[in-house]
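Student: Sharing a structure here in structure tokens format.
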Amino acid sequence: MKITIKKATINQILFIICVVVPFFNIYELSFAVWLCAIALTIKNNYSIEFVKYISIFFIIFLLAIFVGFFFDYKLYFVIRDITYLLKPISGLLLGYQLFHKSIKNPFQFLVYAGVSIAIYHLILVGYGIVFAGARNVREIRDHGGFFNDFEVYTLVILLFKNQLNLGFSKKKNTIFLLILAISSFFYLARTNFIQFIILVIALKGIFVLNKRAVKVIGTTFLLVGMGYTAVYYSNPIRNGKGMDEFLYKIKMAPSEAFSTKINRNDWKQFNDNYRSYENIRTVQQLSYNESLLFGEGIGSQVDLKQKVYLGDMELRYISILHNGYMTILLKTGLLGVGIYLFSIFFFFRTNNETNEALINIHYLFIGTGVFLIISNWVFMGFYNLIDTKTLLVGFLFAYKNDLKKHLN
């Protein structure tokens, strides 16, 4: 008996694999799997809008290579940087190519992928708490992972099930919602909580500015400010028990990302504000080398002036930073940062569509742009090595193009 598998089913399996594999935190494996999937799903044509968008990242990549010719770096670091800077390009391509016109409900397609990784994440968290004795924020995150933007997207998509015409039964929608909500919470990631708020506001159309939007955004800022003030004056303890440690991280968030002076000899201050220290050292190094305008190219590294434990390694020289803007600054200078910012503001273009489905995709793009402004400052945005939201963005570009074809 001949068994036929639909192209949409194959693509969904590949999509889930490509979403899950970065979770193992082995970048070489993720990069290899993504490249293989790209090779297997190459399309004959791509929308002009998508080509324009992905070209931004190709320009950054080529600029970094060009600048790198003026420096003498070890081949290993050059090759490693090439794979790093290809990360958003490969993710966007893969997401676009895994969309297929025979997919009946594209948003269901995305939700199934999100639920798959959420179940895997909850298994890891459960193992960490029950069998490994994880009891604080750091230990839970060590076992379960540090963040997952893709899950938050699918959680928000489920919340707007009617607006996005998901078509799930009430029971299935509730089960999926619980799985994704619990899993998203257990990442205990500040940026994921911010992402959730931004995407909810975006899908309500609040970022399309008018009087109502100004009121909602203003109220949101006020509530967030009041919440932060309450956390700050509750004086949570560093390495405290339960949620105390998480609240301490919220308290330190502004200084962690925006400090301009850090005493390297004060281990507590250095640890709490390490991300800012990376930024300070990058600007100092580029200023000293007079390379602020064009950066130091593929293969460049920032000298931290001391060894620091990052993950399971002790490093003094680092090729990529927590800050996506600073990583691009290191590789391509202010010129590259300007180009990179254009990739974010690309999502804020005026939308003249009247079709509800296209309007909702536009809202998701706007929410993505707003979130990327923040995400790039603390978690590298699209350049994060375990990031999977590029798959979703590429998929949405393809879905949008397919919708337009059917409407014309």
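Student: Looking only at region 57-74, decide whether some residue is farther than 30 Å from SER291 by Cα, touching a residue at least 60 places away in the same chain (Cβ under 8 Å) and open to solvent by 60 Å² or more (accessible area, probe 1.4 Å).
Tutor: In the first step, residues of region 57-74 are kept if they are farther than 30 Å from SER291 by Cα; the result is none.
No: region 57-74 contains no residue that is farther than 30 Å from SER291 by Cα, touching a residue at least 60 places away in the same chain (Cβ under 8 Å) and open to solvent by 60 Å² or more (accessible area, probe 1.4 Å).
Student: Another question about this same structure. Considering region 356-408 alone, what residues qualify as being under 22 Å from VAL115 (Cα atoms), open to solvent by less than 10 Å² (accessible area, probe 1.4 Å) and of a type in the set (A, V, I, L, M)?
Tutor: Scanning region 356-408 gives ILE361, LEU364, LEU391, LEU392, VAL393, LEU396, ALA398.
Student: Taking GLY324 as the residue in question, decide whether it is at positive phi and open to solvent by less than 40 Å² (accessible area, probe 1.4 Å).
Tutor: no
Student: Does region 49-71 include one or more residues that are of a type in the set (Lys, Arg), more than 17 Å from the chain's Cα centre (by Cα) and modelled with pLDDT under 95?
Tutor: Checked against the condition, which is being of a type in the set (Lys, Arg), more than 17 Å from the chain's Cα centre (by Cα) and modelled with pLDDT under 95, region 49-71 yields no hits at all.
Student: Applying the selection to region 189-210, what residues are open to solvent by less than 50 Å² (accessible area, probe 1.4 Å) and part of a helix (DSSP H, G or I)?
Tutor: Once the filter is applied, which keeps residues that are open to solvent by less than 50 Å² (accessible area, probe 1.4 Å) and part of a helix (DSSP H, G or I), region 189-210 yields ARG190, THR191, ASN192, GLN195, ILE198, LEU199, VAL200, ILE201, ALA202, LEU203.
Student: Being of a type in the set (S, T, N, Q) and in contact with a Gly (Cβ under 7 Å, 6 or more places away or on another chain), is that true of even one residue in region 342-363? Step through it out loud before you land on a result.
Tutor: Of the residues in region 342-363, the ones of a type in the set (S, T, N, Q) are 343, 350-352, 354-355, 360.
From the residues that got through so far, the ones that are in contact with a Gly (Cβ under 7 Å, 6 or more places away or on another chain) too are none.
Taking every residue of region 342-363 in turn, none turns out to be of a type in the set (S, T, N, Q) and in contact with a Gly (Cβ under 7 Å, 6 or more places away or on another chain).
Student: I would also like to ask the following. Filter region 176-220 down to residues that are in contact with a helix residue (DSSP H, G or I) (Cβ under 9 Å, 6 or more places away or on another chain) and basic (Lys, Arg) and give me whichever is farthest from VAL111 (Cα to Cα).
Tutor: So, considering only residues that are in contact with a helix residue (DSSP H, G or I) (Cβ under 9 Å, 6 or more places away or on another chain) and basic (Lys, Arg), the one farthest from VAL111 (Cα to Cα) is ARG190.
Student: I'd like to know if region 33-42 contains one or more residues that are touching a residue at least 60 places away in the same chain (Cβ under 8 Å), assigned to a helix (DSSP H, G or I) and out of contact with any strand residue (DSSP E or B) (no Cβ under 8 Å at 6 or more places or on another chain).
Tutor: Yes, region 33-42 contains at least one residue that is touching a residue at least 60 places away in the same chain (Cβ under 8 Å), assigned to a helix (DSSP H, G or I) and out of contact with any strand residue (DSSP E or B) (no Cβ under 8 Å at 6 or more places or on another chain).
Student: Helices (runs of 4 or more DSSP H) wholly in region 87-169 with at least 3 residues that are open to solvent by less than 10 Å² (accessible area, probe 1.4 Å) and modelled with pLDDT of 90 or more - which ones?
Tutor: It comes to 87-97, 106-130, 149-159.
Student: Please specify each residue of region 267-319 satisfying the condition of being in a helix (DSSP H, G or I) and hydroxyl-bearing (Ser, Thr, Tyr).
Tutor: Residues satisfying the conditions are TYR274, SER276, TYR277, THR282, SER287, TYR288.
The values are calculated or read from the model by the stated rules, or taken from the named source; none is laboratory data. If you're wondering where the values come from, they're calculated on a predicted model, not measured in any experiment. Don't worry about glycine lacking a Cβ; one is built from the backbone with ideal geometry, like all the others, and counts go over all protein chains shown. Note: accessible area is taken over every heavy atom of the protein model, side chains too, but ligands, DNA and RNA are not part of it. Shrake-Rupley method; radii C 1.70, N 1.55, O 1.52, S 1.80 Å.
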